[in-house]
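The values are calculated or read from the model by the stated rules, or taken from the named source; none is laboratory data. Predicted model only: the values in this text are computed from it and were never measured. A quick note on method: Cβ atoms are made from the backbone with ideal geometry, for glycine too, and the neighbour counts reach across all protein chains shown. Side chains included, ligands, DNA and RNA excluded: accessible areas come from the protein's heavy atoms. Shrake-Rupley method; radii C 1.70, N 1.55, O 1.52, S 1.80 Å.
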Amino acid sequence: MNCLERVDLKNFSPPELEGFIATFGKERYRSTQILRWLYQKGVCSFDEMTNLSKRFREQLGQVSRISNLNPIRIEEAKDRTNKFLFELEDGNRIESVLIPDKSRLTLCVSTQVGCGLGCRFCLTGKMGLKRNLSVSEIVNQILAAKEHLHDKSSITNIVLMGMGEPLANYTNTLKAIELMAHPDGFCFSSRRITLSTAGLLPELKKLLNEKIRFRLALSLNASDEETRSHLMPINRRHPMKEVLKVLRNFPLKRRARITFEYVLLEGVNDSTGDAKRLIQLLKGIPSKINLIPLNEAPEIPFKKPTEERVREFQEILMRAGLTAIVRASKGTDISAACGQLQGKV
Ligand code: SAH
Ligand code: SF4
């Protein structure tokens, strides 16, 4: 069997791995041991799994493999943000960003090569969609960042806000999150995993029937349907009002909130009227707003508002009792900030 025909163990969710191990007639705890080797110790070969018998390791190696992602380039910005560029087995390229902020170390991972939703302010959107990432390609970004950090520090938060629309790659993204949250996997608390979506209605409705192991963020970016449709073409198919209706019924843990991202574009969505409409729209949803002044690029036909306008916008929201945070751009000098990921060398 050639290498790529063998199943990649990192494409299995924890219950799937258990099922796979059972086909060898092995006990359940063997699957726990393998999960820990893969995601806590980060081993790259079966030989390193020393608490499994040599015979079982050989059997595993005959039908399965352990994939890996090695960065082909790591750049460091002045603010110590690191951007990883990976080449996938088929030659496609993706990026992840590691962002230090006070006591936090957040890894921003990609879920697709490119993105098919074409938001007009986003460089990833300009690439179009190449393909979905597999579960292993998503989790290997975390393992590669951990490897880069050695034991110097540990990742505290994961955000699915890199290249791609996570809910457009629903099954693989949810399996990858299962591995992130599983006690024998990466063991991240579900409060420390955030999935950001442009708002796909069918998938959001589907989420209502799942056990949710993450925080949800919606990229809102406008206060009326017309402006949102202009900026985010997906709004024509899945209007904001309907998306917000689903979010109103979203099962939230006590004190949990939904994050709303709002990229501020000068003269487009940054007026006092916009701020007031935003307050009305979010009524009844426990929310937190992240205001992101646009990260500009020559290919993007918008400008970011002045700092003063950003503050005014924030203050209107805060006076209405909303939590609104202005997100400082990180890693702009190496094109690692929101909406700047293109997988280019
Ligand atoms: N597709 C998902 C997740 C990836 S985009 C989504 O849209 O939510 C992550 C965030 O980057 C989104 O909130 C998006 O609105 C923001 N973003 C995209 N382009 C940007 C830009 N040029 N400047 C600032 N933020 C941007
Ligand atoms: Fe895709 Fe998100 Fe960029 Fe829109 S903002 S094009 S959904 S990655």
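Filtered by the rule that a residue be more than 16 Å from ligand 2 (Cβ to nearest atom), assigned to a helix (DSSP H, G or I) and open to solvent by less than 20 Å² (accessible area, probe 1.4 Å), segment 155-180 gives ALA176, ILE177, LEU179, MET180.
Residues of segment 126-158 that are among the small types (Gly, Ala, Ser) and over 21 Å from ILE177 (Cβ atoms): GLY128, SER153.
Among the residues of segment 279-336, the ones that are part of a helix (DSSP H, G or I) and within 22 Å of the chain's Cα centre (by Cα) come to 3 in all. Can you find a residue in segment 255-265 that is part of a loop (DSSP other than H, G, I, E, B), more than 23 Å from LYS304 (Cα to Cα) and open to solvent by 60 Å² or more (accessible area, probe 1.4 Å)? Within segment 255-265, one or more residues are part of a loop (DSSP other than H, G, I, E, B), more than 23 Å from LYS304 (Cα to Cα) and open to solvent by 60 Å² or more (accessible area, probe 1.4 Å). For segment 101-130, residues that are without any contact (Cβ under 8 Å) to a residue 40 or more places away in the chain and open to solvent by 30 Å² or more (accessible area, probe 1.4 Å) total 3. Looking at segment 181-219 only, could you name the residues that are farther than 15 Å from LEU107 by Cβ, open to solvent by 50 Å² or more (accessible area, probe 1.4 Å), touching a residue at least 24 places away in the same chain (Cβ under 8 Å) and assigned to a helix (DSSP H, G or I)? Within segment 181-219, ARG191, LYS205, LYS206 meet the criteria.
The residues listed here are ILE300, ILE292, ILE325; of these, the one that is open to solvent by less than 20 Å² (accessible area, probe 1.4 Å), touching a helix residue (DSSP H, G or I) at 6+ places or on another chain (Cβ under 9 Å) and of a type in the set (Val, Ile, Thr) is ILE300.
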